[in-house]
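Accompanying notes for the structure given below.
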Amino acid sequence: MRLRDVLRKLHLWMGLSIGVMFAVLALSGTLLAFQSDLLKWQHPQLTGHTLPTPAQNAAMLQHIYQTPWPTPLRSADLPDAELPVWQLFLGGDTRVYLDPADGHPLLVRTPQTDWLLWLRLLHTHLLGGKVGEQVLGVIGVIELLLLISGAIIWWPRRGQWRNAVRMHAQPPARRWRSWHQSLGAALFPLLLLSTVTGVALIYKEPARAALRILFADRQAEPPKPPSMALQQAPIRWLEAMAAAQAALPQAELSRVSMPDAKNASLMVRARGPSEWNVVGRSLIVVDPYTAKVMAVYDAEKQGSGGLVSDGIYPLHAGVVGGNAWRLVIAFVGLLPAFFVTTGFLFWWARTRRKKA
């Protein structure tokens, strides 16, 4: 059999099987592109708050640190213009939202009670933790093969380009095939970008290493943050956060990882002016008892490979480029369902014609 004949069969049967799962995942991505807006629409109590002062933030950090949470506290996002409340990340994928003025709980979300968190776990882990994430990676690789095989099958001969992108109305088999192939070819770059970035997020460490090699990054990866033992001394929250801000004065402090028994150092994530990631990849490590800065990592000063790696998630999630790119990402999420549907209709129409 010729190569194209083999690819057609593989493309058809992979598309009608794995393609269905990929379509479901892509549709979930379309909804998640608007998750921030949907969250605030569902829970208006999270909006309309005045942003706190540094002193209020320090008092809230002390309150959060002393509160006995039902599951371990992983980190806390500071209030900002997009979401002017405290967002706490607890174990078990639980999120708690606190009023920035007095710290009273505004909302508790879990994947069992919140459809957006459930959808996020489906999209990122297939609801199966690390195992589900690896299965998702395999599905992503198969989808890449589907895209590439589809492009090879479609690729026209010399002088046939106009016919290759023409969309027909009849007969049914020709209609569905032409719609499937023509739109697939036209939108191939967007589909490829979305799929490649999704796979790269699953295999983030190998992808980052490959990008650093590709761009010949000379800067070393940031070292492991220094650690220290937990002490009985009071934590100087106001001075520690001020020291973190002074270490990167142009950056916006965004997330705090609290001292614990494993590591008592205060780790503060920050977003530089040119960073795409909504939380930022910059990091300041502070001694919470003396407010002395122990280490600083400025993500804006890393090599090109690292910068491209940090841009993968914002591109995939549609959180960079404003509403225009977010709408593009949402539209791309609809396409796999379209291609699965038109592929099935083409197969069904062709099968019926053969039997007639």
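The values are calculated or read from the model by the stated rules, or taken from the named source; none is laboratory data. Given the structure is predicted, the values throughout are model-derived calculations rather than measurements. Note: ideal-geometry Cβ built from the backbone for every residue, glycine included; neighbour counts use all protein chains shown. All accessible areas refer to the heavy atoms of the entire protein, side chains included, with ligands and DNA or RNA removed. Shrake-Rupley method; radii C 1.70, N 1.55, O 1.52, S 1.80 Å.
Structure above, values below:
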quantity: Residue in the range 124-136 that is open to solvent by 80 Å² or more (accessible area, probe 1.4 Å), within 30 Å of P189 (Cβ to Cβ) and not aromatic (F, W, Y) present; calculated: yes
quantity: So D99, is it at pLDDT 95 or above, surrounded by fewer than 19 Cβ atoms within 10 Å (Cβ to Cβ), more than 16 Å from R255 (Cβ to Cβ) and of a type outside the set (G, A, S); calculated: yes
quantity: Within the range 35-73, considering residues that are under 25 Å from H316 (Cβ atoms) and exposed (fewer than 15 other Cβ atoms within 10 Å of the Cβ), the one nearest to the chain's Cα centre (by Cα); calculated: D37
quantity: Candidates L146, L190, filtered to the one that is surrounded by 12 or more Cβ atoms within 10 Å (Cβ to Cβ), farther than 26 Å from D310 by Cβ and over 16 Å from the mean Cα position of the chain (by Cα); calculated: L146
quantity: Filtered residues of the range 79-95 (kept if surrounded by 14 or more Cβ atoms within 10 Å (Cβ to Cβ) and farther than 17 Å from L39 by Cα); calculated: L90
quantity: Residue match in the range 249-265 (condition: at pLDDT 95 or above and surrounded by fewer than 16 Cβ atoms within 10 Å (Cβ to Cβ)); calculated: yes
quantity: Selection from the range 262-299 of residues that are without any contact (Cβ under 8 Å) to a residue 60 or more places away in the chain, over 15 Å from M228 (Cβ atoms) and in contact with a Pro (Cβ under 8 Å, 6 or more places away or on another chain); calculated: W276, N277
quantity: Residue list for the range 248-287, restricted to those being in a loop (DSSP other than H, G, I, E, B), in contact with a helix residue (DSSP H, G or I) (Cβ under 8 Å, 6 or more places away or on another chain) and among the β-branched types (V, I, T); calculated: V278
quantity: Number of positions in the range 161-177 that are over 36 Å from the mean Cα position of the chain (by Cα) and of a type in the set (A, V, I, L, M, F, W, C); calculated: 3
